[in-house]
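J.: One structure, as structure tokens, below. Some questions next.
The values are calculated or read from the model by the stated rules, or taken from the named source; none is laboratory data. Note that the structure is predicted; figures quoted are calculated from it, not measured. Glycine also receives a Cβ, built like all others from the backbone with ideal geometry; neighbour counts cover every protein chain displayed. Surface accessibility is based on the protein's heavy atoms, side chains included, excluding ligands, DNA and RNA. Shrake-Rupley method; radii C 1.70, N 1.55, O 1.52, S 1.80 Å.
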Amino acid sequence: MKVKYDREQDILSVIFSDGIVFESDEEKKGVILDYSADGRIVAIEVLNASTQAENPTKVEYEVS
């Protein structure tokens, strides 16, 4: 899994796999879900991330 933040475009991406994106849906305004051909989520993109997240450049990782 990768987390990327593009400062220029203000897009936060959480990429779950390197699979090919077959379809994308904007489920809520500014939140795009990318799906593979078999319906699995490949990535989530948050547009205008700096207005959605307190600090889009800070990432915390936790395993429990």
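J.: If you take the residues in segment 40-64 that are open to solvent by less than 50 Å² (accessible area, probe 1.4 Å) and assigned to a loop (DSSP other than H, G, I, E, B), which one is farthest from I20 (Cα to Cα)?
T.: Top of the filtered list is A53.
J.: Within segment 13-61, work out how many residues are without any contact (Cβ under 8 Å) to a residue 40 or more places away in the chain and closer than 13 Å to V3 by Cβ.
T.: Qualifying residue count for the region: 12.
J.: Working only within segment 1-30, note down all residues that are surrounded by fewer than 14 Cβ atoms within 10 Å (Cβ to Cβ) and part of a strand (DSSP E or B).
T.: Correct list: K2, V3, K4, D6, E23, S24, D25, E26, E27, K28.
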